[in-house]
Amino acid sequence: MKKLFLLLIGCIISYPFFAQVSLPVYLDDSQSIEDRIEDALSRMTLEEKVKMVHAQSKFSSAGVPRLGIPDNWMSDGPHGIRSEVLWDEWNNAGWTNDSCMAFPALTALAASWNPEIAALYGKSIGEEARYRNKNVLLGPGVNIYRTPLNGRNFEYMGEDPFLASAMVVPYIRGVQENGVAACVKHFALNNQETDRHTVNVTVDDRTLYEIYLPAFKAAVHEGEAWAIMGAYNKYKGQWCCQNQYLLNDILRDEWNFDGVVVSDWGGVNNTLHAIYHGLDMEFGTWTDGLTKNKSHAYNYYYLANPFLELLRSGEVKVEELDKKVRNILRLVFRTTMNRNRPWGSFATTEHGEAARRIAEEGIVLLKNENQVLPIDLKKAKKIGVIGENAIKMMTIGGGSSSLKVKYEISPLDGIRNRIGSEAEVLYERGYIGQFEAYQDGIKSPQNLSDSRSEEELFTDAIQLAKEVDYVIFVGGLNKHGGQDCEGADRKSLELPYAQNELISALAKENKNLVVVLISGNAVSMPWIKEVPSLVEAWYCGSEAGNALARVLVGDVNPSGKLPFTFPVKLSDVGAHAVGDYPGTDKEQTYREGIFVGYRWNDKNNIKSLFPFGHGLSYTKFSYGKAIVSNQTMTEDETIIVKIPIKNTGDRPGKEIVQLYVGDVKSSLPRPEKELKAFEKVSLNPGEEKVVEFTIGVNNLQFYDDFRNEWVAEPGKFQVYLAASCEDIKSTVEFELR
Ligand code: BGC
């Protein structure tokens, strides 16, 4: 008995030693990930490997239970963690513990021009994903804003590749700190929703490299993204989810991407191309799976049984499968099998705080005459809030980014929360837009039915405007099809639902009119001269109303700036003037080339309605004269540009100082100027700071598509220090030798 007892003790003491020694390499996290991958791969059967490369449900793919390798679980993205859907249907699964925190739309994030805020965003949404046991977040999106009609612009980061790159990197890093992969989308050239599954984009290499790829490249090189999602459209005649040029030549060979390439949902169309052209995981083919009346629909995916048969017959080498599985295992070891990853947290007060801070930094004050804003609560005793967007939930709808939220503070609620005890806040709807009780998988808790006619709504709103000290009109677009929504583009630049007429009429009735636009896109403003103050408040998620109210009353001094141009009219946009939007016979040529957004305006002397980089503050900033450290530099050197900036107003504020560079003379046509640096500086009243920027040769280059390389030509360069791309404060010149 004693012997048996000693033997037992001996076994217990020596177990960890033997257990450790005998731990398979793939389970041993002291080993390198590459060794673990090879070990795991060597233990897997052909069938197990094939199961990994295609979906097994709407949002998951199989792991290898026999080896303890977990499934991969994805979630949209990019503004919050989507609620659970049924295994094989888009319908909500009806969970009661999956209501998330909604963060502001990526346009709002981009408008903050603050990489620290992007890091906070990434960290917070990553924690939500981790808590919900998702190891891939389907976002962020960095497709360039080419036309204001693109229904998905609200999910992206604006028109400028430098700004989008600067903002996407900290977002990705923040997400991935949680052991959750950011899946950057949609690679590439997915700049419209019209014909998104069929349109073939023709773009010259220079434009591709200078405008449409940099944010993806930054995501891979600087953000070290672990996943990327292909786009629905075609490029060079091949669908982007199975595209030799984009996925093999550029992403893998040029950029050395070692993460996983995920298809967009239903973006795969051909087995051989999916095998050979760089894709790793197929999702969403037959997204209506069960209704196609096939049992085990996922087995019929292009990378399922058809792939397996080709492998079994030897027509395709197992090495092709192994390449994909290696990338997927790398994802697994970085995420689900990383024992050190944190646990995450979900819909917490901290995340609410983060959402509000992001929103407050992103809201843009576009116009403020007669200092209507901030609202003076000593004078404003009766405030009329008018417009449907003051009450409508905006976290629901928009397509795959639709969210089931823990809460959403509407602009009206936010205003009432903040000033309801100091002033009387009255509401009129003014107009009625679309409303669907069930949209993009989410049932709205709102009932927005209204028995009044359009005329009655209009008259009631005007009547209210007559009676109050201030009118806050909250309108804009919404998340319904044909507006800011996936699947279709907008039909025009105009505000819908006769809002133009209403705004003009309100301006006549009340000189203290604040127009607040809720949108992810530019709109035309025929009434702009009639309206004293205008705010772009984007889609700001759960804390939208609180953030807006704090900006309107001046608790927060607005500091966002536009991440894209607001054109006066559609024909002022390159894609519409010459660019062939939305294409003919499913062919779309980006004829405006590199001249996108402000680059097009500069080239053609077009003045915008509101320029890229524009945004006002409740205080004033005065810029001094810029100086440059050297008059000349070589390719290996850098130069420093400094500019003093002072807060000359009476409240603390933040200003975004922008640096643009222009090549004075070049062998190829170049934009007059391009954003190459920026900094958001915080200044107290009377405070002055010197902002310093470093310019290196990479800020001077263009992509030479004859030589296929980045080139900086010797000669003079002009540096513009600016408050927006149309508000240049100081310039300096230097020469590259
Ligand atoms: C969208 C993707 C999204 C996916 C999954 C697709 O329709 O284009 O952005 O991640 O659906 O919901």
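Annotations
- Two numbers describe the Cα atoms of segment 117-205: Rg and Dmax, which are 14.3, 43 Å.
- Solvent accessible area, Å² - Arg66, 1.4 Å probe, full protein context: 140 Å²
- Per-residue Karplus couplings for segment 263-275, computed as 6.51 cos²θ - 1.76 cosθ + 1.60 with θ equal to phi - 60°, are listed in order as 6, 6, 5, x, x, 9, 9, 6, 5, 5, 5, 5, 6 Hz, Gly and Pro entered as x.
- Hull volume in cubic angstrom per residue (convex hull over the Cα atoms of segment 220-322): 107 Å³
- Cα gyration tensor shape of segment 445-560, rounded if a/c is under 1.5, else prolate or oblate by comparing a/b with b/c: rounded
- Whole-Hz ³J(HN,Hα) from phi, Karplus 6.51 cos²θ - 1.76 cosθ + 1.60, for segment 528-544, glycine and proline x: 4, 6, 7, 9, x, 9, 9, 10, 9, 10, 6, 9, 10, x, 4, 9, 3
- Under the simplified labelling scheme, the Asn417-Glu309 pair shows an inter-label distance of 5.7 nm, with each label point 7 Å from Cα along Cα→Cβ.
- Whole-number D in µm²/s for segment 561-695 (Stokes-Einstein; Kirkwood sum over Cα pairs; 37 °C, 0.692 mPa s): 189 µm²/s
- Shown in residue order for segment 482-498 are the 3J(HN,Hα) couplings computed by the Karplus curve 6.51 cos²θ - 1.76 cosθ + 1.60 at θ = phi - 60°: x, 10, 8, 7, 4, x, 8, 9, 5, 8, 8, 7, 6, 5, x, 6, 6 Hz (x for Gly and Pro).
- The count of lysine pairs in segment 432-538 whose Cα atoms are under 27 Å apart, excluding pairs fewer than 8 places apart on the same chain, comes to 9.
- Normalised radius of gyration (Cα atoms, divided by 2.2 N^0.38 Å) for the chain: 1.00.
- Across the accessible surface of the chain, with the other protein chains kept in place and a 1.4 Å probe, carbon and sulfur atoms take up 51 percent.
- For the chain, the mean residue ellipticity at 222 nm estimated from helices alone is -7500 deg cm²/dmol, where every DSSP H run of n ≥ 4 contributes -39500 (n - 2.57) and the total is divided by all residues, rounded to the nearest 500.
- Relative to the longest principal axis of the Cα atoms of the chain, the long axis of helix 2-22 makes an angle of roughly 60 degrees.
- Remark on Ile442: its backbone amide H falls under 5 Å from none of the residues 5 or more positions apart or on other chains, H modelled at 1.01 Å from N.
- Where labels lie 7 Å past Cα in the beta-carbon direction, separation of Glu424 and Asn133 in nm: 5.4 nm
- Stretch gain in nm, segment Asn630-Gln718, where the contour uses 0.36 nm per residue and the Cα spacing is subtracted: 30.4 nm
- Theoretical FRET efficiency, 1/(1+(r/R0)^6), r = Cβ-Cβ of Thr45 and Asn270, R0 30 Å, to 0.05: 0.70
- Peptides ranked, highest mean first, by Cβ atoms within 10 Å: ranges 233-244, 331-342: 233-244, 331-342
- Taking the average, over residues, of other Cβ atoms within 10 Å as the packing measure, peptides 89-98, 76-85, 671-680 rank 76-85, 671-680, 89-98 from highest down.
- Within straight-line cross-link reach of Lys234, lysines at Cα separation under 20 Å, skipping those fewer than 8 residues along the same chain: Lys185, Lys217, Lys586
- Per residue accessible area of the chain, 1.4 Å probe, in Å²: 38 Å²
- In this structure the amide hydrogen of Ala677, modeled in the peptide plane, comes within under 5 Å of the amide hydrogens of Leu659, none closer than 5 places in sequence on its chain.
- Residues Glu456 and Ser504, FRET efficiency given R0 of 25 Å [Cβ-Cβ distance, rounded to 0.05]: 0.85
- For Ala227, the amide hydrogen comes within under 5 Å of the amide hydrogens of Ala182, Val184, Val260, counting only partners 5 or more places away or on other chains and with H modelled in the peptide plane.
The values are calculated or read from the model by the stated rules, or taken from the named source; none is laboratory data. As the structure is a computational prediction, the values presented were derived from the model and not from experiment. Backbone-built Cβ (ideal geometry, glycine too); neighbour counts: all protein chains shown. The protein model used for the area step is the full one, side chains on, heavy atoms only, and it has no ligands, DNA or RNA in it. Shrake-Rupley method; radii C 1.70, N 1.55, O 1.52, S 1.80 Å.
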